[in-house]
1. Any number yet on Rg/Rh for the range 93-192, C-alpha, Kirkwood?
2. Using Cβ counts within 10 Å as a stand-in for footprinting exposure, how do Arg156, Arg101, Arg185 rank, fewest first?
3. Taking the number of other C-beta atoms within 10 Å as the exposure measure, put Glu78, Glu170 in order starting with the fewest.
4. Would you mind ranking Thr104, Thr48 so that the residue whose beta carbon has the fewest other beta carbons within 10 Å leads the list?
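All of the numbers you see were taken from the coordinates with simple rules; none came from a lab. What you see is a predicted model, and the numbers here were worked out from it, not measured in a lab. Here Cβ is always computed from backbone atoms with ideal geometry, including for glycine, and neighbour counts include all displayed protein chains.
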Amino acid sequence: MEKGALFEKVEKIKMLYRVLIMAGTLVVLGGIFAWLAYLPMADDIAKTEQEVSKLEQKLNQVVVKARAEKKLQAEYAEADLQFQEALKLLPNTKEIPALLRTITQMGTDSQLDFILFSPQRETVQDFYMEIPVSIEVNGTYNNVAVFFDKVGKMERIVNILNVSMTPVKERSTILNTKCDAVTYRFKGEIDASRKGVQKTSK
């Protein structure tokens, strides 16, 4: 058949039929493509989408954990800093004799006469040791107050407890003052020293 005759026959077909034929052809071609190309890959695509979804979930979990870890690290660093600052207020074992000498010097500078200055046995607490010192001095009320004020302003923690005052003589302005000066040290030093002794004994 000649091309001219073919075109004449096509031109005789109504426009509606032409559109329908073209649409049908596209549908058939689309079906062939889906059958030959898309459908075989559909399972792979679905699996890939699932893997991507799982990876996104894992990534989100990692991000959340990383943020939580950074927060914990920051909180730990802050707590450790506060702990180290607190330790500075507790004298270590080597500092105790010097600390006690400082206290007696403060009493002398406050014009007090020491009758008794006797360190007592240490008392074990949760994470620290209490080191009480029995003190007895003679002096005026103002001198005793100055002494207590100096002790209270020390960098190391020293508490004055169990204070009693009585005149050395009737109507005397000189008071006999008895009290306990309690300082503290970090309990961990005992454990460390014991470990060292054990290692040495082996």
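1. Using Cα coordinates only, the ratio equals 1.02.
2. Arg101, Arg156, Arg185
3. In increasing order of surrounding Cβ atoms, one gets Glu170, Glu78.
4. Numbers: Thr104 16, Thr48 11.
Fewest-to-most ranking of Thr104, Thr48: Thr48, Thr104.
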